[in-house]
Amino acid sequence: MAWNEWDRLKARAAERQSAGMQLNRLPPEGGGGSYGDLTASQTELARLGSNAFDLFQRLWGEGRVASPSSSRAAADLKAQGFDLGGGLAHVAQRWDEQLGSVRDACAHISHHMRVTKKIHQDDEEYIRGQLSSIASLDRGFDERVGAPGARNEVYGGKKDEDAEDGGR
């Protein structure tokens, strides 16, 4: 292949390359997509935790089906002098170890989702309480609630002004 032909092929390939494709680099300054806030509702957190717990339960019942029979078969093959028995025993042991790891991960996810749900629920209640008290305070300073200089009814009903003034 001649050098000129190689240059032509590279130029043609560069012309066909998509301008939107960028690998291994950041988008140019001022460009790029915008990313929203990460949000998760209480319902979504509960569903994740529930699914992880269900998987944890199912793995114990359904994931161990082959393990006991494999272990018995491995012992039987070893007793008969087959080298395959040792390999099968190793596979059965590794299966149990990996199954335990996956079950542990499911339990961790389930627990984490329950804790996360509880923490965020407490945070939401605290924030809601803070905001409602701020809203009451704002209404107290809002001049549109009553005439300037008049008692603001946000802080209670009208009081008998004669009783306050001593009947003057």
Run the quick spin-label model on Ser41 and Val102: label points 7 Å from Cα toward the beta carbon, then report their separation in nm to one decimal.
3.1
Directionally averaged shadow of the stretch 42-101, computed from the convex hull of its alpha-carbon atoms, nm²
4.1
Give, as a single signed number, the net charge of other residues whose beta carbon lies under 14 Å from the beta carbon of Gln42, with Lys and Arg counted +1 and Asp and Glu -1.
0
Multiply the residue separation of Ala75 and Ser50 by 0.36 nm, subtract the distance between their alpha-carbon atoms, and state the gained length in nm to one decimal.
5.2 nm
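Where a number appears in this text, it was derived from the coordinates with a stated rule and is not lab data. Computed from a predicted structure; not experimentally measured. A quick note on method: Cβ atoms are made from the backbone with ideal geometry, for glycine too, and the neighbour counts reach across all protein chains shown.
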